[in-house]
Amino acid sequence: GAVVSQHPSWVICKSGTSVKIECRSLDFQATTMFWYRQFPKQSLMLMATSNEGSKATYEQGVEKDKFLINHASLTLSTLTVTSAHPEDSSFYICSATEGTRISTDTQYFGPGTRLTVL
Amino acid sequence: SQQGEEDPQALSIQEGENATMNCSYKTSINNLQWYRQNSGRGLVHLILIRSNEREKHSGRLRVTLDTSKKSSSLLITASRAADTASYFCATGPWGAGGTSYGKLTFGQGTILTVHP
């Protein structure tokens, strides 16, 4: 089946630094990738939709200047948390679709990245 | 308000028993999907049911959808310890083209524990 990887799997950083998380589709081309955030024992909240070659679409309440998303190729999207603060500590998960753009396209999820900001 | 609310929040059963989880949603949907998440890991897609379907099976999984009640259920039969995980329902919006493409709204999840 389709595989999505994320790197790193976990990261600890100091407050004020920026952290980049990569999301890769390993065996398919993903025209659309999604970034989610999950707090402990809570559900996933969609942060943004990333389309290859265009600007990401952010959900209401998500600061685009803080969470920079780049989808430079059909297999790679990156999320950069800029000037991270402890409240940004969370589990970040990406997903990707093969992009037939029908409503029943399966989303393949990455294993997630645990971010801890000290 | 939360789309895709699930109950129970936690379910503890013995191996071999059946596990039933329910999901309710508020707005019209195109499809409803169920995912499993092992602790601290990503999500695994289990099954998708379209709004014009009422029941779907996949191995030990059985999903029902009642659009009149805006609810769905996931039944895991003959559960195993390896089924221990969190289970989430996620809804895809009606008319999911354009800017709504792929946008899933997740429920709060049910934590299932299967004791050996």
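The values are calculated or read from the model by the stated rules, or taken from the named source; none is laboratory data. Since the structure is predicted, the reported quantities are computational estimates derived from the model, not experimental observations. Here Cβ is always computed from backbone atoms with ideal geometry, including for glycine, and neighbour counts include all displayed protein chains.
Structural remarks
- There is no residue in segment B:53-75 that is at pLDDT below 95 and under 13 Å from B:TYR87 (Cβ atoms).
- Subset of segment B:23-46 [more than 20 Å from A:TYR36 (Cα to Cα), out of contact with any Pro (no Cβ under 8 Å at 6 or more places or on another chain) and in a strand (DSSP E or B)]: B:CYS23, B:SER24
- Pairing each residue of segment B:104-116 that is farther than 12 Å from B:GLU6 by Cβ with any residue that is outside any strand (DSSP E or B) and among the acidic types (Asp, Glu), provided the two are 6+ apart or on different chains, yields C-beta distances under 6 Å for B:VAL114/B:GLU15; B:VAL114/B:ASP83; B:PRO116/B:GLU15.
- Entirely in segment A:1-63, the strands (runs of 3 or more DSSP E) that have 3 or more residues that are crowded, with 18+ Cβ neighbours inside 10 Å and out of contact with any helix residue (DSSP H, G or I) (no Cβ under 8 Å at 6 or more places or on another chain): A:19-25, A:32-38, A:44-51
- Within the option set B:ALA78, B:ALA82, being among the small types (Gly, Ala, Ser), surrounded by fewer than 14 Cβ atoms within 10 Å (Cβ to Cβ), part of a loop (DSSP other than H, G, I, E, B) and modelled with pLDDT of 95 or more holds for one residue only, B:ALA78.
- Residue match in segment B:7-15 (condition: part of a strand (DSSP E or B), at pLDDT below 95, within 25 Å of A:GLY110 (Cα to Cα) and not aliphatic (A, V, I, L, M)): no
- Scanning segment A:69-77 finds no residues that are buried (at least 20 other Cβ atoms within 10 Å of the Cβ), within 14 Å of chain B (Cβ to nearest Cβ) and touching a Leu at 6+ places or on another chain (Cβ under 7 Å).
- Residue that is surrounded by the most Cβ atoms within 10 Å (Cβ to Cβ) [pool: residues in segment A:95-118 that are part of a strand (DSSP E or B) and modelled with pLDDT of 95 or more]: A:THR113
- Enumeration of residues in segment A:78-95 that are away from chain B (no Cβ under 14 Å) and aromatic (Phe, Trp, Tyr): none
Yes/no per residue for (1) modelled with pLDDT under 95; (2) in a loop (DSSP other than H, G, I, E, B); (3) in contact with a Leu (Cβ under 7 Å, 6 or more places away or on another chain); (4) more than 11 Å from chain A (Cβ to nearest Cβ):
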| residue | (1), (2), (3), (4) |
| --- | --- |
| B:GLU17 | no, yes, no, yes |
| B:LEU48 | yes, no, no, no |
| B:TYR87 | no, no, yes, yes |
| B:GLY92 | yes, no, yes, no |
| B:GLY95 | yes, yes, no, no |
| B:VAL114 | no, no, no, yes |
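- Any hit, segment A:52-61, residues being among the aliphatic types (A, V, I, L, M), within 14 Å of chain B (Cβ to nearest Cβ) and over 15 Å from the mean Cα position of the chain (by Cα): no
- Some residue of segment B:64-86 being touching a Pro at 6+ places or on another chain (Cβ under 8 Å), within 22 Å of A:ALA96 (Cβ to Cβ) and without any contact (Cβ under 8 Å) to a residue 60 or more places away in the chain: no
- From B:ARG62, B:ARG36, residue being under 11 Å from the mean Cα position of the chain (by Cα) and away from chain A (no Cβ under 13 Å): B:ARG62
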